[in-house]
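Beneath this line is the structure, given in structure tokens, with notes to follow.
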């Protein structure tokens with residue numbers, strides 16, 4: 001995992017996510033540090049993070065895979 005996140009988040013619960021490169025399921029256990037932004041953004045339940053907050057990430061523009069539909 002890279003260190004692109006300003007502060008690593010520590011998990012308070014086990015979570016199931018997809019590896020951002022290989023797209024295979026990965027199980028992360030409570031107590032593990034998450035430093036990869038692509039993995040951290042998949043964990044949307046705040047109760048999964050110690051302290052109830054996801055790690056602070058660098059403010060970068062969000063890239064959406066979907067294109068807006070014309071009106």
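Identify the single condition in (1) modelled with pLDDT of 95 or more; (2) touching a strand residue (DSSP E or B) at 6+ places or on another chain (Cβ under 8 Å); (3) under 16 Å from residue 54 (Cα atoms) that residue 5 does not satisfy, given that it satisfies every other one.
It fails just one condition, (1).
Out of all the residues in segment 29-49, is one or more loosely packed, with under 11 Cβ neighbours inside 10 Å, over 13 Å from the mean Cα position of the chain (by Cα) and at pLDDT 95 or above?
Scanning segment 29-49, I find at least one residue that is loosely packed, with under 11 Cβ neighbours inside 10 Å, over 13 Å from the mean Cα position of the chain (by Cα) and at pLDDT 95 or above, so the answer is yes.
The values are calculated or read from the model by the stated rules, or taken from the named source; none is laboratory data. Here the structure is a predicted model, which is why all the values come from computation and not from measurement. With ideal geometry, Cβ positions are generated from the backbone for all residues, glycine too; neighbour counts draw on all protein chains shown.
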